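Shown next, in structure tokens, is the structure this report addresses.
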């Protein structure tokens, strides 16, 4: 059966319809990209904070299990030139000081007797951190913090500003608190209500 000229004309798009559709798609895309970018940045901050919290949890659990001191160290990198760092989210849990020996594989006998390690580049390379009190926490066999060490770690994103720092900021930055009793708490510096469990106190 042949299609008449009038019916054939109705099967396609006109140039005007195509231009309008593309323009609407462009507007929707332009509106969605900033929100998606903020979502990605906040997810990276949360991932980095969760990974550091996981390292602290492992270190404390190992200290209690072994009934011996275990170190959690933030380190600059995973090479033989690594140093303890207060600005890197890479970490090592070990029995001995891991500075200058971060490339060594986990081992029960080979110094620095690394239990577990994590490189920041694995998930959140653009996240910035600032650890108050240095980049090391030593847990005793009772799970308490031994001596002075890191008491607070702030997480932000290199490509944005934190909402709690600037009202125009877009990133929901996080803070990790480490108590002398060994307890840890991941909190939100923007939350002001003391009854909110996300409050930093």
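Observations, loosely collected:
- Taking residues in segment 102-131 that are at positive phi, and partners anywhere that are part of a strand (DSSP E or B) and crowded, with 17+ Cβ neighbours inside 10 Å, the pairs with Cβ atoms closer than 9 Å and at least 6 places apart or on different chains are 113/94.
- Test result for residue 170, farther than 17 Å from residue 53 by Cβ, modelled with pLDDT under 95 and surrounded by 17 or more Cβ atoms within 10 Å (Cβ to Cβ): yes
The values are calculated or read from the model by the stated rules, or taken from the named source; none is laboratory data. Here the structure is a predicted model, which is why all the values come from computation and not from measurement. Reconstructed Cβ throughout: ideal geometry from the backbone, glycine too, with neighbour counts over all protein chains shown.
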